[in-house]
Amino acid sequence: MGKITGFLEFRRAERKYAPVAERVKHWREFVQALSEEETKVQAARCMDCGIPYCHTGCPVNNQIPDWNDLVYHSDWKQAALNLHSTNNFPEVTGRICPAPCEAACTLNIDDVPVAIKTIECSIADRAFEEGWIAPQPPERKTGKRIAIVGSGPAGLAAAQQLARAGHDVHVYEKNAKPGGLLRYGIPDFKMEKGIIDRRVKQMEAEGVTFHCNAHVGRTVSARELEDSYDALLLTGGSEQPFDFFTNSKGRDLDGLHFAMDFLPQQNRRVAGETPPAITGAKDILAKDKHVIVIGGGDTGSDCIGTSFRQGAKSVTQLEIMPMPPEKENKALSWPNWPLKLRISTSQAEGAKVEYSVSTTGFSGENGKVKKLHYVHVDSKLQPIPGTDAELDADLVLFAMGFSGPIEDDVVKELSLPVVARGRFKGLDANERDYKVPGQAKVFAAGDIRRGQSLVVWAIREGRQAAQSIDKFLMGKSALPR
């Protein structure tokens, strides 16, 4: 597992970023990869810790110590084979996963975990550069046909697994191109869309057929798909945004938008894609505006970076929760994901972040928002008297998460049960077989089932659902879970 004394000899090193002044001028990725030798040194730090706690943090069960050891010994091709045995798209997770594996790393007890995410991305990118990533069409076809609704990470992972098992797989995507949230939600400066395109090309060569601009439950009948295919897998995501300000003063002012109305527009601009014709839709742009982002998660950070690149005058992020500690208590948190202060690359580009703030309303002029009104809250999230204040606001973006799947398309047509899963809602399918109760051949995986989550969880669910569907159709399955 790497070099036995590597964790004692070598310091943790991470990928660096292009300077802020340079990177905000374009929409390309700005992470600067480590050299081959530097990556090998980081892989050498993986210690022979006996119990690889990094596994507890990885939803797709990556064999992290194994491919660290292979990289250290310069066996990059075998490392790529090992990595792809558990993860269909490591070049994606190596870019956008928050790396719970690093939080669980034994060396994180001293705040110097192995740079797992960096190494993972290096392996995947090296595999593409060397031409090791090639289509893997099945040796024989089963004659079974499967429809997958949604081409986000769960749908893509399931499609690739099922196609390699010999099934005829058809993926239905409501947008113009495959990728789902990967393409339309994640900004290009975090992941350029050529990353998706080359995987789609590989999957098409493996036998997957993509049907784009096909909105199941609207322009395509879900019942007809159910009748025409041997199995139907729903991976449409969790897209119904939370709106905590429905009854707030000024909610009807122009300039208040959900993050997922704002971000996909810019992704389409970068791609040169014509936006879909939506009644009343208009360009949402941050140029020369005071932008307020409500919500402190990844989506909020994506709004910040996008606003700066569009030329925002200022960007302020509001978070209702208190400011996390700079360092977690390892005795209480490790190896679990800790609550601690994290500064995203977008926040570091110049955003002002306010914690313990609750928005109370909006005011404006001539129907356009001009001010956001707020109050500070205590540790119980209750308003503190006398702390009312306001901020200049020409554009307010709501990035407070998603409550569950859209329920007026395929969910409605098939009359599928949507159940509460804590704060979120999802289809009533379980992790044993991903089958929707009461449905003969309908399955669900990813955010549409579990509620909003990480890309790496979507990949895991897509892979496991594929194994379940293969077993359902064939009586047994050689696909891994």
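The values are calculated or read from the model by the stated rules, or taken from the named source; none is laboratory data. Worth saying up front: this structure is predicted, and the values here are computed from it rather than measured. Don't worry about glycine lacking a Cβ; one is built from the backbone with ideal geometry, like all the others, and counts go over all protein chains shown. Note: accessible area is taken over every heavy atom of the protein model, side chains too, but ligands, DNA and RNA are not part of it. Shrake-Rupley method; radii C 1.70, N 1.55, O 1.52, S 1.80 Å.
Among the listed pairs Lys177/Lys287; Lys25/Lys287; Lys313/Lys352; Lys141/Lys174, a Cα-Cα separation exceeding 24 Å is found for Lys177/Lys287; Lys141/Lys174. Against the empirical 2.2 N^0.38 Å (N residues), the stretch 278-415 has a Cα radius of gyration ratio of 1.24.
The smallest convex shape that holds all Cα atoms of the stretch 338-446, its convex hull, gives 202 Å³ per residue. Taken along the Cα-to-beta-carbon direction at a fixed 7 Å, the label points for Met474 and Arg198 span 2.9 nm. Only the Cβ atoms of Lys and Arg (+1) and of Asp and Glu (-1) were treated as charged; on that basis the dipole of the stretch 123-193 about its Cα centre amounts to roughly 380 debye. Over the stretch 124-179, the Kirkwood radius and the radius of gyration, each from Cα atoms, give a ratio Rg/Rh of 1.04. Working note: Cα gyration tensor of the chain, eigenvalues times five, square-rooted, sorted largest first, giving semi-axes of 35, 31, 21 Å.
Hull volume per residue, based on the alpha-carbon atoms of the stretch 1-115 and their convex hull, is 114 Å³. A compact globular protein would have a Cα radius of gyration near 2.2 N^0.38 Å; the ratio found for the stretch 351-399 is 1.22.
Report, to the nearest whole %, how much of the accessible area of the stretch 112-245 belongs to carbon and sulfur atoms, 1.4 Å probe, protein only.
Here it works out to 46 percent.
Volume per residue for the stretch 93-215 equals 125 cubic angstrom (convex hull of Cα atoms). Each Cα pair under 8 Å and six or more residues apart adds its sequence gap; the mean of these over the residue count of the chain is a relative contact order of 16 percent. Using all pairs of distinct alpha-carbon atoms, the Kirkwood hydrodynamic radius of the stretch 202-280 works out to 16.6 angstrom. Taking a span of 24 Å or more along the helix axis (Cα atoms) and a mean Kyte-Doolittle hydropathy of at least -1.0 as the rule, the DSSP H helices of the chain that qualify are 455-474. Each of Ile406, Ala465, Ile133 was placed along the dipole of the chain (beta-carbon charges, centred on the mean Cα), and the one lying farthest toward the positive end is Ala465. If you plug the beta carbon distance of Gln78 and Leu8 into 1/(1 + (r/R0)^6) with R0 = 22 Å, you get a FRET efficiency near 0.25.
Using a cutoff of 8 angstrom between alpha carbon atoms and counting only pairs six or more residues apart, the relative contact order for the stretch 1-139 works out to 28 percent. Pairs of alpha carbons in the stretch 178-240 separated by more than 19 Å make up 46% of all such pairs. For the stretch 298-384, applying the loop criterion from DSSP together with a ceiling of 15 other beta carbons within 10 Å to the GluC sites (Glu not before Pro) yields Glu326.
Comparing Cα centroids, the stretch 90-167 and the stretch 420-448 end up 23 angstrom apart. For the stretch 373-481, the relative contact order comes to 17 percent (Cα pairs under 8 Å, sequence separation of at least 6). For the stretch 233-330, the spread of Cα coordinates along the three principal axes comes to 50, 44, 33 Å, biggest extent given first.
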